[in-house]
Structure formats: structure tokens, C-alpha cells
Amino acid sequence: MTRRVFCEAGMMSGKSKAQKRGSSTHHSGAVRDRKVLDLLAEFKDSAGEVLVVNDRGLLEHPHRWNWLSWGDAAGSTTPPNGPFDTILLRMPRTKATFLYALHMCAGVLGEHGRLIVCGANDEGAKSAGTLLEQVFERSGTIRTKAHCRIWEATGPKEGLKTRVEEWEESIESPFEGRNWYTYPGVFARGELDDGTSLLLDCLPDLKGKKVLDFASGSGMISAAALDRGAGQVTMLEVDALAGLASARNVPEAQLVLSDGWSRLAPEPFDLIVSNPPIHQGKVEDFSVLHALVQRAPEYLFPDGSLIFVVQRQVPIPRLFGPKTFEILAENPRFWVLAA
Ligand SMILES: C[S@@+](CC[C@H](N)C(=O)[O-])C[C@H]1O[C@@H](n2cnc3c(N)ncnc32)[C@H](O)[C@@H]1O
């Protein structure tokens with residue numbers, strides 16, 4: 001029986017975790033990014049060649065490397081050719097990606113170059129030294145300000161892994177007849193997530209259908225869509241490393257590296273399927289989910305539909321007002337919703 005989310009008994013009872021914390025968060029990740037990047041900006045005019053890393057276009061500078069796509073720019077798995085005299089790295093969100101970025105940056109640093117890293121204390125900047133020591137001969141904190149920490153590192157160690165292939169990990173495949181690979185920072189380390197699993201159980205027969213896997217991660221939803229007969233699958237993903245994983249795992253599908261809808265051509269699909277992100281790093285952030293739901297109709301045939309999975313703590317009525325959704329499946333942790 002079809003049920004509606006909005007006004008669903010019990011759904012509005014109590015506050016979501018985000019409401020209780022008072023964070024809700026269209027902007028808190030962005031505010032922290034701005035604070036960290038403002039501190040890094042003080043080093044932007046250092047002598048020689050300077051490379052800015054992981055700023056997502058927020059620092060005015062000609063040389064940058066971002067693995068996360070932003071605006072009109074697609075992310076890239078590798079930095080531009082060096083050597084650079086100073087590299088400014090905005091601390092990445094996961095340890096795995098941080099280590100990856102450190103190796104890659106060390107590989108394009110000039111002989112007497114230095115790496116400057118800045119991050120907020122509540123995202124682990126205090127313990128960045130442990131990773132820096134793995135890659136550099138010398139490192140230390142040079143400044144603390146506004147609950148952030150700035151580190152400097154020099155002298156890359158031997159044995160750097162500066163080719164993305166060296167970071168590829170082959171894992172047990174969830175799909176018969178397909179190899180499965182993952183790279184640093186890929187969602188659920190490339191494995192099948194519980195929410196995604198519930199979503200996949202709800203996928204209809206997709207014979208000949210045109211499907212968009214929005215926020216594709218390792219390509220789990222795309223592979224399942226092809227198994228159910230989809231005629232054409234497009235994978236949209238912000239992270240070039242996740243994009244590489246999905247392209248390796250599901251080579252039949254087309255990959256578009258894009259921050260939300262920004263780089264997707266305006267073409268309609270029969271079905272958009274997603275396990276959208278609800279965090280930016282450790283901060284809850286519903287902006288991508290919001291954009292997914294609000295703009296999906298622009299990318300759907302008139303009889304097309306959107307199916308997505310969300311954790312039950314996501315305050316759907318508060319985010320989407322009177323909009324109604326069909327509940328396709330639910331368990332104590334997740335809802336699979338259709339619109
Ligand atoms: C919850 S994971 C789901 C991954 C995959 N679909 C699955 O179910 O295994 C969300 C994915 O969204 C990606 N993502 C985060 N922000 C995004 C954005 N602005 N645009 C597109 N993808 C984004 C993340 O990199 C991550 O791969």
C-alpha cells in the first residue's frame with residue numbers, strides 16, 4: 001500500500017538530531033572551509049611557483065588541484081606537473097584522502113619546496129602530524145588560530161606513491177562477473193552500504209530504461225541498474241577518485257564528474273536513483289539532497305521518477321515542505337522514497 005511521508009504519523013514527532021544540535025546546515029561546512037582557506041590565503045603570495053590544493057575554487061589563484069569537482073570544473077585524480085615551491089593544502093575530509101593527497105603533493109614539490117597544510121581542530125588538524133611524518137622528513141605546527149592549525153612539511157621521504165594506479169585496491173565484488181575496485185576516500189570503502197542495499201531491493205525492472213545514478217560512489221547502483229536491464233546508465237559523481245572507481249567497475253556506464261547538477265547536460269532520464277550524501281566531512285549537510293529533489297524534475301521525462309534512500313534522521317518535511325513522497329521501503333535506519 002502506498003504511504004505518504006508528509007504528515008505520516010510519527011514522522012514529525014520529536015526533533016531530528018540536526019535540529020537538536022541546532023545545526024542544520026546548509027552552510028556550516030562552507031563556513032569552516034572559508035575559515036581554513038582564509039588562513040591558507042596568507043601564504044598564497046609566497047615566492048616561486050605556488051599550487052593550491054583542495055580549495056574547490058575558493059582561493060583566487062592560477063594553479064590549483066582539486067579531486068572534488070566544483071562549479072564548471074571537473075575534479076582530477078592527479079595534480080598538475082611540478083615542481084612547485086609552495087603547496088597549500090586544505091586538509092582533506094578523510095584520513096585516506098589526506099594520505100593520498102600528501103603523497104601526490106610530495107611528488108610535485110620542488111627540491112627545496114614546502115607543503116603548508118591547514119585544517120580545523122574539530123576535523124583532526126591536531127593529529128595531522130602522524131600522517132605528515134609518514135611522508136615527510138620534517139614537519140611541525142607553525143601556527144594556530146581560530147580553532148585551526150597550520151602545519152609545514154619539507155623533505156619528501158623515499159617510496160612515494162604518485163601514480164593513482166598505485167592506490168587502487170581490488171575488493172570482493174558484490175556483482176557476479178564484475179571486478180570491483182576502490183580508491184582512497186570512496187564511500188563505504190567501495191563496499192555495499194546498508195542504505196544502498198535497501199534501495200537496490202526497490203529497483204524495478206529497468207529494461208531499456210535510461211537511468212541516472214546521482215552521486216555514484218563506486219558505481220554500486222549503476223551496476224545493479226544494468227543487471228536489471230537498463231539500456232543506458234549515467235553516473236554523476238563529485239569526487240574524481242570515486243569517479244575513477246565507478247568507471248573501472250562499471251565501464252558500460254557514462255561518467256560525468258560534477259558537483260551536483262552543475263556539469264550534467266540537460267537531457268531527460270526515465271529514472272534517477274540515488275543514495276545522496278548528507279554530510280560534508282563530519283558536518284551534516286543536506287544541500288546536495290535538497291538540490292537532488294528540487295531539480296530532479298528538470299532531468300526526468302514527464303512520466304519519469306526519482307528514487308532515493310535517506311537515513312530516517314533526515315528531516316524530510318522540514319526540507320521539502322508540502323511535497324509528498326511514496327515510501328517504497330523502510331527499516332529502523334532508512335527510508336527509500338520515490339517522487
Ligand atoms: C552516500 S554516498 C553513495 C555512493 C553510492 N551511490 C553508493 O550507494 O554506494 C554519496 C556519494 O555522493 C558523492 N557526493 C558528495 N557530494 C556530491 C556532490 N555535490 N555532487 C555529486 N556527488 C556528490 C560522494 O562522493 C559519495 O560518493
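The values are calculated or read from the model by the stated rules, or taken from the named source; none is laboratory data. Quantities reported herein were computed from a predicted structural model and do not represent experimental measurements. Here the Cβ positions follow ideal geometry from the backbone for every residue, glycine too, while neighbour counts run over all protein chains shown.
Observations, loosely collected:
- Cross-chain or 6+ apart pairs with Cβ under 6 Å, the stretch 29-48 first and among the small types (Gly, Ala, Ser), then at pLDDT below 90: GLY29/GLN280; GLY29/VAL283
- Exclusive hit being in a strand (DSSP E or B), surrounded by 17 or more Cβ atoms within 10 Å (Cβ to Cβ) and in contact (Cβ under 8 Å) with a residue 24 or more places away in the chain, set THR77, THR154, THR86, THR97: THR86
- Leading residue by the ranking (nearest to PRO266 (Cα to Cα)) among those in the stretch 303-339 that are in contact with a Pro (Cβ under 8 Å, 6 or more places away or on another chain) and touching a residue at least 60 places away in the same chain (Cβ under 8 Å): PHE308
- Of all residue pairs spaced 6 or more apart or on separate chains, those with beta-carbon atoms under 7 Å, a first member in the stretch 285-302 that is surrounded by fewer than 20 Cβ atoms within 10 Å (Cβ to Cβ) and a second member that is assigned to a helix (DSSP H, G or I) are HIS290/LEU319.
- Scanning the stretch 118-142 for residues that are in contact (Cβ under 8 Å) with a residue 60 or more places away in the chain and under 19 Å from ASP55 (Cβ atoms) yields a total of 4.
- Checking each residue in the stretch 172-203 for being part of a loop (DSSP other than H, G, I, E, B), among the aliphatic types (A, V, I, L, M) and either outside the structural domain of VAL273 (by TED's automatic domain parsing) or within 8 Å of the ligand (Cβ to nearest atom) (or both) picks out VAL186, LEU192.
- In the stretch 261-293, the residue that is farthest from the ligand (Cβ to nearest atom) out of those that are in a loop (DSSP other than H, G, I, E, B), touching a Lys or Arg at 6+ places or on another chain (Cβ under 8 Å) and closer than 19 Å to SER218 by Cα is GLY281.
- Residues that are surrounded by fewer than 24 Cβ atoms within 10 Å (Cβ to Cβ) and in a helix (DSSP H, G or I), drawn from the stretch 242-260: ALA247, ARG248
- Members of the stretch 204-228 that are closer than 23 Å to ASP303 by Cβ and within 12 Å of the ligand (Cβ to nearest atom): LEU212, ASP213, PHE214, ILE221, SER222, ALA224, ALA225
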